[in-house]
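A.B. asks: Sharing a structure here in structure tokens format.
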Amino acid sequence: STGEGGKEIHKFVKDSSEALKVSKVASIWKAYVDFVNNIVIEGFVASIAVSLQALCEIFSPESIARNEALPLFEVKMELVEDKIVFDPPFLAKPPTEPSLRLTVDGWLKDFFATVTAMQRLDMSAGDYLNEIREHFQMQCLLALVSELIDDTEQKCMDYRDTFMQHKFLWTDSLEKTFEKFLSTDAHALVEGFEEEGMTFAGIMERIKVDIGRSIPQLDEFDQKIVFFSDMKNNLSNLKTPIDIHWLRVNVQPVKIKLVSYARQWEDKHTSFLQKYTEDRIKAIVDFINNKLSGLGGASPVDDPENSKLLYATMTDIRDVKLATNAVRKIFAPIRHLCQCLKKHHVVPEGLVELEQAQPKWDDVIRLAFERKEEILPLQSNEVVKIRNKIDDFAEELRGFCYEVRQKCPFGPELAVDRDWDTPYE
């Protein structure tokens with residue numbers, strides 16, 4: 001062992017001193033001891049250099065590739081709060097916590113610890129550790145070890161950046177970002193339509209059909225959905241684990257989280273578009289069915305005294321007349337919405353009802369014309385009734401006014417004679 005070898009060297013030097021009978025303070029003896037010291041130091045340097053060179057071989061990318069060596073350590077890449085980190089890290093905070101560099105530093109300390117097993121020859125205490133650390137060969141090998149570790153760490157950081165480029169997935173607010181997207185360059189469902197001085201939105205509001213908020217063009221939605229879908233698929237297809245020099249990096253934990261985040265952003269766009277489409281389908285289908293039921297049901301002609309039914313029919317006819325062309329304009333944009341969703345494997349509810357809605361609307365228009373012809377005499381009678389009611393009300397109002405003028409308490413005998421009725425002076 002090093003300790004036993006050191007003792008033998010000390011014994012040889014002592015025997016030489018006794019045999020030569022030279023004073024230990026003599027310059028020639030000091031020169032001899034320095035000579036032996038250098039031999040010991042070079043021996044230690046050669047011994048430690050073997051270990052350091054072996055470590056450099058382990059860390060060297062060229063050596064790893066040449067020998068097809070397996071990785072020395074396995075680390076995990078995880079998303080912790082808003083950062084992607086390695087576990088264990090290259091350097092922990094505080095530095096005393098377990099880390100890759102701390103482990104390698106422990107090995108280096110063990111390499112140099114062999115020096116402390118032998119006492120110096122030129123003094124009664126101490127060792128050769130400082131001389132060996134400052135030795136040029138040791139400095140070069142230690143620098144090479146540090147360089148190889150730095151190179152591996154940089155490669156790992158570069159690989160980590162492939163995930164950090166998607167950091168908006170977990171750092172940005174999904175709700176706020178999506179709302180900003182909806183508000184940017186938003187367009188109404190139907191634009192450029194106007195009839196009898198009313199816009200498309202005004203007509204839909206009058207007939208109580210909810211056409212929803214303005215949204216970006218479908219091409220914008222399509223690009224966003226494709227972007228997040230491709231991101232999700234690319235992340236899912238990443239190889240794991242991956243070997244980077246002497247490290248095996250397990251990216252499965254961060255990969256799972258990022259795929260989940262990308263899916264959430266994709267689903268946010270598709271689910272909004274799906275609900276928006278289904279709501280538009282339901283709104284127009286319900287309107288058409290309501291008018292079809294109203295105009296295709298009981299006729300005011302069969303119940304001429306039912307004013308409520310007459311007015312309901314007249315309201316339906318008014319709505320159909322107002323919305324005849326506007327409703328026809330809405331089918332194409334809704335179909336475009338459906339096609340966009342189908343492209344991304346989302347099938348909205350109500351497609352069958354949507355396909356039936358257009359021919360139903362034609363039936364509604366036909367029924368409206370038929371009912372309009374049927375109720376013309378009833379409308380004329382209703383006009384007469386309304387005029388009679390107006391005349392009756394006018395007569396009643398004249399009688400009331402006459403009665404007020406004749407009977408109101410305006411006579412002096414009805415005046416109030418009290419102190420509180422005294423006029424202000």
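The values are calculated or read from the model by the stated rules, or taken from the named source; none is laboratory data. All figures in this text were calculated on a predicted structure; none of them were measured in a lab. With ideal geometry, Cβ positions are generated from the backbone for all residues, glycine too; neighbour counts draw on all protein chains shown. Please note that ligands, DNA and RNA were not included when accessible areas were found on the heavy atoms of the full protein model with its side chains. Shrake-Rupley method; radii C 1.70, N 1.55, O 1.52, S 1.80 Å.
A.B. asks: Can you tell which of LYS224, LYS180 is over 13 Å from ILE330 (Cβ atoms), assigned to a helix (DSSP H, G or I), open to solvent by 50 Å² or more (accessible area, probe 1.4 Å) and touching a helix residue (DSSP H, G or I) at 6+ places or on another chain (Cβ under 6 Å)?
C.D. replies: Details: LYS180 fails: touching a helix residue (DSSP H, G or I) at 6+ places or on another chain (Cβ under 6 Å).
The conditions single out LYS224.
A.B. asks: Filtering region 92-118 down to residues that are surrounded by 12 or more Cβ atoms within 10 Å (Cβ to Cβ) and of a type outside the set (A, V, I, L, M, F, W, C), which residue is nearest to TYR128 (Cα to Cα)?
C.D. replies: Checking each candidate, the answer is THR116.
A.B. asks: Also, quick follow-up: Which count do you get for residues in region 365-380 that are open to solvent by less than 50 Å² (accessible area, probe 1.4 Å), in contact (Cβ under 8 Å) with a residue 60 or more places away in the chain and in a helix (DSSP H, G or I)?
C.D. replies: Going residue by residue through region 365-380, those that are open to solvent by less than 50 Å² (accessible area, probe 1.4 Å) are 365, 367-368, 371, 375, 378.
Filter once more, so that each one left must be in contact (Cβ under 8 Å) with a residue 60 or more places away in the chain: 367-368, 371, 375, 378.
Now narrow it down to the ones that are in a helix (DSSP H, G or I): 367-368, 371, 378.
Residues that pass the stated criteria total 4.
One line per residue, one yes/no per condition, for (1) in a helix (DSSP H, G or I); (2) at pLDDT 95 or above; (3) under 18 Å from GLY202 (Cα atoms):
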site: SER293; (1), (2), (3): yes, no, no
site: ALA298; (1), (2), (3): no, no, no
site: VAL301; (1), (2), (3): yes, no, no
site: LYS308; (1), (2), (3): yes, no, no
site: TYR311; (1), (2), (3): yes, no, no
site: MET314; (1), (2), (3): yes, no, no
site: ALA326; (1), (2), (3): yes, no, yes
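A.B. asks: With VAL259, VAL249, VAL285 as the choices, which residue is touching a residue at least 40 places away in the same chain (Cβ under 8 Å), assigned to a helix (DSSP H, G or I) and either of a type in the set (A, V, I, L, M, F, W, C) or over 30 Å from VAL75 (Cα atoms) (or both)?
C.D. replies: Matching residue, one of VAL259, VAL249, VAL285: VAL285.
A.B. asks: If I filter region 211-221 down to residues being assigned to a helix (DSSP H, G or I) and free of Cβ contacts under 8 Å to residues at least 60 places away in the same chain, which single residue comes out as least open to solvent (accessible area, probe 1.4 Å)? Steps first, please.
C.D. replies: Looking only at region 211-221, we keep the residues that are assigned to a helix (DSSP H, G or I), and these are 218-221.
Right, trim to free of Cβ contacts under 8 Å to residues at least 60 places away in the same chain and you get 219-220.
Details: ASP219: 108, GLU220: 79 Å².
Of everything passing the filter in region 211-221, GLU220 is least open to solvent (accessible area, probe 1.4 Å).
A.B. asks: Return the residues of region 48-72 that are within 29 Å of ALA117 (Cβ to Cβ) and of a type outside the set (D, E, K, R); say none if nothing qualifies. Explain how you work it out, then say what you get.
C.D. replies: Taking region 48-72 and keeping what is within 29 Å of ALA117 (Cβ to Cβ), we get 48-59, 72.
Within region 48-72, ILE48, ALA49, VAL50, SER51, LEU52, GLN53, ALA54, LEU55, CYS56, ILE58, PHE59, LEU72 qualify.
A.B. asks: With respect to ARG280, determine if the residue is open to solvent by 50 Å² or more (accessible area, probe 1.4 Å) and in contact (Cβ under 8 Å) with a residue 24 or more places away in the chain.
C.D. replies: Details: open to solvent by 50 Å² or more (accessible area, probe 1.4 Å): no; in contact (Cβ under 8 Å) with a residue 24 or more places away in the chain: yes.
So ARG280 does not fit the description; no.
A.B. asks: Can you name the residue in region 145-177 that is in contact (Cβ under 8 Å) with a residue 60 or more places away in the chain, under 30 Å from TYR276 (Cα atoms) and not basic (Lys, Arg) and, of all such residues, is least open to solvent (accessible area, probe 1.4 Å)?
C.D. replies: Here is the first cut: in region 145-177, the ones in contact (Cβ under 8 Å) with a residue 60 or more places away in the chain are 145, 148-149, 151-153, 155-156, 159-160, 163-164, 166-167, 169-171, 174.
From what is left, the residues that are under 30 Å from TYR276 (Cα atoms) are 166-167, 169-171, 174.
Next, from what is left, pick out any that are not basic (Lys, Arg): 166, 169-171, 174.
Values: HIS166: 33, LEU169: 6, TRP170: 35, THR171: 69, LEU174: 37 Å².
Looking at residues that are in contact (Cβ under 8 Å) with a residue 60 or more places away in the chain, under 30 Å from TYR276 (Cα atoms) and not basic (Lys, Arg), I get LEU169.
A.B. asks: Go through LEU169, LEU144, LEU91 for me and flag whichever is hydrophobic (A, V, I, L, M, F, W, C) and either touching a Ser or Thr at 6+ places or on another chain (Cβ under 7 Å) or in a loop (DSSP other than H, G, I, E, B) (or both).
C.D. replies: Details: LEU169 fails: either touching a Ser or Thr at 6+ places or on another chain (Cβ under 7 Å) or in a loop (DSSP other than H, G, I, E, B) (or both); LEU144 fails: either touching a Ser or Thr at 6+ places or on another chain (Cβ under 7 Å) or in a loop (DSSP other than H, G, I, E, B) (or both).
Result: LEU91 is the single residue among LEU169, LEU144, LEU91 that is hydrophobic (A, V, I, L, M, F, W, C) and either touching a Ser or Thr at 6+ places or on another chain (Cβ under 7 Å) or in a loop (DSSP other than H, G, I, E, B) (or both).
A.B. asks: To continue, here is another question. Considering region 317-364 alone, what residues qualify as being open to solvent by 20 Å² or more (accessible area, probe 1.4 Å), among the charged types (D, E, K, R) and farther than 25 Å from LEU218 by Cα?
C.D. replies: Across region 317-364, the qualifying residues are ARG318, LYS321, LYS360, ASP362, ASP363.
A.B. asks: Within region 126-136, take every residue that is open to solvent by less than 60 Å² (accessible area, probe 1.4 Å) and either out of contact with any helix residue (DSSP H, G or I) (no Cβ under 6 Å at 6 or more places or on another chain) or part of a loop (DSSP other than H, G, I, E, B) (or both) and give me the one that is nearest to LEU148 (Cα to Cα). I'd like the intermediate steps shown before the answer.
C.D. replies: Taking region 126-136 as the starting set, the residues that turn out to be open to solvent by less than 60 Å² (accessible area, probe 1.4 Å) are 126-129, 132, 135.
Filter once more, keeping what is either out of contact with any helix residue (DSSP H, G or I) (no Cβ under 6 Å at 6 or more places or on another chain) or part of a loop (DSSP other than H, G, I, E, B) (or both): 126-128, 135.
Numbers: GLY126: 32, ASP127: 29, TYR128: 27, HIS135: 20 Å.
Going through the qualifying residues, I end up with HIS135.
A.B. asks: Turning to a different aspect of this structure: Tell me which of these GLY126 doesn't satisfy, since it passes every other one: (1) under 29 Å from THR162 (Cβ atoms); (2) of a type outside the set (Ser, Thr, Tyr); (3) touching a Lys or Arg at 6+ places or on another chain (Cβ under 9 Å).
C.D. replies: (1)
A.B. asks: Hey, could you check region 227-241 for residues that are open to solvent by less than 40 Å² (accessible area, probe 1.4 Å) and hydrophobic (A, V, I, L, M, F, W, C) and say which is nearest to VAL259 (Cα to Cα)?
C.D. replies: LEU235
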